[in-house]
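Below you'll find the structure, written out as structure tokens, and then a few comments.
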Amino acid sequence: MLGSRLVKLIEQKSDELSEGVAEKLRSSSRTPGYRDLAHAELAKAAKEVFSNLSDWLLTKTESDVELRFTETGMTPPTAPKNTKPQRTRRRNV
């Protein structure tokens, strides 16, 4: 129940959320590929996902997501091959 209420809240706040996501995508050093896209275009794409989140979560396939990224002119993010954190050795001083 909490999950469905959270999804509905995200769908209701899609305008605010999409504006914030667009700004963060364009300004983050971790997402340089989004800088060339117009803020309005990113916000529109984010709003499409946020306002239809239940549909995206329940019915969209990985291919649908990849197609959406491609239509926007972006390459979908890939998961890192090795997400295990590297340990560093401490030196005794």
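The values are calculated or read from the model by the stated rules, or taken from the named source; none is laboratory data. Predicted model only: the values in this text are computed from it and were never measured. For neighbour counting, all protein chains shown are included, and Cβ atoms are generated from backbone atoms with ideal geometry for every residue, glycine included.
Of the residues in the stretch 50-60, at least one is under 26 Å from L6 (Cβ atoms), exposed (fewer than 10 other Cβ atoms within 10 Å of the Cβ) and modelled with pLDDT of 80 or more.
Considering only residues in the stretch 22-49 that are touching a Lys or Arg at 6+ places or on another chain (Cβ under 9 Å) and under 13 Å from R68 (Cβ atoms), the one that is surrounded by the fewest Cβ atoms within 10 Å (Cβ to Cβ) turns out to be E48. Of the residues making up the stretch 49-66, those that are in contact (Cβ under 8 Å) with a residue 12 or more places away in the chain and of a type outside the set (A, V, I, L, M, F, W, C) are S51, N52, S54. Of the residues screened, S4 is not one that is polar (S, T, N, Q), assigned to a helix (DSSP H, G or I) and surrounded by 11 or more Cβ atoms within 10 Å (Cβ to Cβ).
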